[in-house]
1. Scan the stretch 22-54 for residues that are polar (S, T, N, Q) and at pLDDT 95 or above and jot them down.
2. Looking only at residues that are in contact with a helix residue (DSSP H, G or I) (Cβ under 9 Å, 6 or more places away or on another chain) and in a helix (DSSP H, G or I) in the stretch 33-68, which one is nearest to ASP83 (Cα to Cα)?
3. Mind telling me which of the residues SER78, SER57 ends up being under 19 Å from ILE20 (Cβ atoms), among the hydroxyl-bearing types (Ser, Thr, Tyr), surrounded by fewer than 20 Cβ atoms within 10 Å (Cβ to Cβ) and in contact (Cβ under 8 Å) with a residue 24 or more places away in the chain?
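The values are calculated or read from the model by the stated rules, or taken from the named source; none is laboratory data. Because the structure is a prediction, the values reported are computed rather than measured. Here the Cβ positions follow ideal geometry from the backbone for every residue, glycine too, while neighbour counts run over all protein chains shown.
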Amino acid sequence: MSVSALRATYPDYFMSKKKIQLTPGLDVDGILKEIETRYQNEQLTTIDGVKIDFAESWAHLRKSNTEPIIRIYTEAKSQNEADTLADKFIEEIGAIAKL
C-alpha cells in the first residue's frame, strides 16, 4: 500500500491558529483556570496550557511568556468548524477578562 493510499484511509482534520491580545497585568493563569472550571466535564489536559478534547474536535489554549496574549489552537473536521471553535474561545476569554 502506498503512503498516499494509506493517508486516504484517515479522516481529514483542519486546524485554526489564533490569538487574543490581553491587557498587561491581567491574570492570565486565572483566565485559564476559569476555562478549566467551565469545561471540567470535558476531557482536559493541563500540560502547557489547557487542552479540551471534545467528541470530534479539540482546543488548546496557552499563554505566551513574552507578551500578553493567549494562543488558541483548534482542530475539527472542517476549516469552518475549527475557526468557529477558536472564535468561541476568543469571545469567552474576552468575557472572562472583561475586554
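1. THR37, GLN40, ASN41, GLN43, THR45, THR46
2. This residue is ILE35.
3. Testing whether each residue is under 19 Å from ILE20 (Cβ atoms), among the hydroxyl-bearing types (Ser, Thr, Tyr), surrounded by fewer than 20 Cβ atoms within 10 Å (Cβ to Cβ) and in contact (Cβ under 8 Å) with a residue 24 or more places away in the chain leaves just SER57.
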